[in-house]
Structure formats: C-alpha cells, structure tokens
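Below is one structure; the comments refer to it alone.
The values are calculated or read from the model by the stated rules, or taken from the named source; none is laboratory data. Computed from a predicted model, the values in this text were never measured in an experiment. Neighbour counts are summed over all protein chains in view; Cβ atoms, including those assigned to glycine, are modelled from backbone coordinates with ideal geometry.
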Amino acid sequence: MTTRILTVAFAVCLIGIGALAQTAPATRIRGTIATIDGQLMTVNSRDGQKQEIKLNDPLTVSTVKKVDLASIGSGSYVGIATRTGSDGSMQALEVLVFPEAMRGASEGHFAWDLEPGSMMTNGTVSGAVEAASGRELTVNFKGGSKTVQVPPNTPVVTLAPAERADLKPGAPVFFSATRTAEGQLVTSRVTVGKDGVAPPM
C-alpha cells in the first residue's frame, strides 16, 4: 500500500500537468542539491540559478529505476518526452514506464519543457518493433496516436519510492514547486536520483 501511495503521489507531481497547469501554475526544477538545512533545500538548477525551496511536511520522496527498452511492448502505459527530428519524426528524449496503478495518468499529447519545443506523449503502447534507430513505439491516447523513434541510448525508467534521507548534496533532482504569496518556492514531492540513475524527465 505504501509503495502505491508514493507512486500515485509522484505521478501527480510529474505528469499532472494537463489539468493542474491550468489551475495552479508551477515551476519545474531540474538540477542538483546544493544544501539541505532543515526544511530548506537549495538546488543548483540546470539553468545556472541557485534556488531555495521549502520542503513541506509531509514530504513524498521518489526515485527512478532503469528499465530495459526491449521490455516495453503492447499494453505498456508510458510517458515519452520527444523532440522533432530533421525528417519530421518524433525522437524520444526519455521514456517513463508507468506502474500499472498509474495507467491513464494525464493521457494525451502536450507541450513539455525538457528542452525548447519538446512534447510529452502519455498513452498505451499499441505497437513496438525493432528499427534501425533502436525501437519504434506507437502510442495511443484519447483522440490520437503518435509513433516515436526510441534510440538505444535513450533513458528508460520507472518509478520507485525513496526516503527523505536520499536528499543529499550533489544528488540530482526533479520536481515541481509553487510560489507562496511571499514568493517562497515550496514543494511536497521531490524525485531524486539514486544508484547512478538521474531523473531524466
């Protein structure tokens, strides 16, 4: 039960950007932890900024674990961040394989901010075939379908629970934070890299 609760909480943080983004704008933060001081965490973000975030209590901490790309087949529910290739094809930047408990999370195709112009596609894999460039996944979602080329070196991960003690200086993190009326960034959920696997989202 604990694992399922943590998984659900993390997925709300990571993927709940369809409806949530419309009602409660959030700032996605990617970087490495600089310091932890009580409820305050300072992050060196990937854009060069140093950002201080208040960690709410209770705090949900999650991590990611590697998944074999070849294990993704018809019926898998995935979230894939993509860029558009020079030939117009969709090229995967990362693949998140959802646990079964999160099937249906923010299903659709929408803008993402992993890099300029990137997109996110959440849906059910209806076809997975080997291709010269790695693996080709066809992802179905309500109202549409997208075919994505997944190169062999693409990060492929799934969700796993972690502990607050895993938040250490130097650890890579990804999370969404909101600002209080006073301008303080706050979050209730953090995804942290462990065992050499960084959150690729």
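Looking only at segment 109-122, decide whether some residue is surrounded by fewer than 18 Cβ atoms within 10 Å (Cβ to Cβ) and part of a strand (DSSP E or B). Within segment 109-122, one or more residues are surrounded by fewer than 18 Cβ atoms within 10 Å (Cβ to Cβ) and part of a strand (DSSP E or B).
Entry remark, segment 172-198: residues being within 23 Å of Val95 (Cα to Cα) and out of contact with any Gly (no Cβ under 6 Å at 6 or more places or on another chain) number 15 in total.
Based on what the data block shows, is Val139 in the same structural domain as Trp112 (by TED's automatic domain parsing), surrounded by fewer than 17 Cβ atoms within 10 Å (Cβ to Cβ) and among the aliphatic types (A, V, I, L, M)?
Details: in the same structural domain as Trp112 (by TED's automatic domain parsing): yes; surrounded by fewer than 17 Cβ atoms within 10 Å (Cβ to Cβ): no; among the aliphatic types (A, V, I, L, M): yes.
No.
Entry remark, segment 29-66: residues being in contact with a helix residue (DSSP H, G or I) (Cβ under 9 Å, 6 or more places away or on another chain) and closer than 18 Å to Gly183 by Cα number 1 in total. If you scan segment 76-99, which residues turn out to be exposed (fewer than 11 other Cβ atoms within 10 Å of the Cβ) and modelled with pLDDT of 95 or more? The answer is none; no residue qualifies.
Taking segment 26-74 as the range and being touching a residue at least 24 places away in the same chain (Cβ under 8 Å) and assigned to a loop (DSSP other than H, G, I, E, B) as the test, the residues that pass are Ala26, Val67, Asp68, Ile72, Gly73, Ser74.
Just need a number here: residues in segment 28-67 that are within 17 Å of the chain's Cα centre (by Cα) and surrounded by 15 or more Cβ atoms within 10 Å (Cβ to Cβ). Give the steps one after another, and end with the answer.
Step one: filter segment 28-67 for residues within 17 Å of the chain's Cα centre (by Cα), giving 28-32, 45-46, 60-67.
Filter once more, keeping what is surrounded by 15 or more Cβ atoms within 10 Å (Cβ to Cβ): 28-32, 45, 60-64, 67.
The qualifying residues number 12.
The set of residues in segment 142-157 that are surrounded by fewer than 18 Cβ atoms within 10 Å (Cβ to Cβ) and not charged (D, E, K, R) comprises Gly143, Gly144, Ser145, Thr147, Pro151, Pro152, Asn153.
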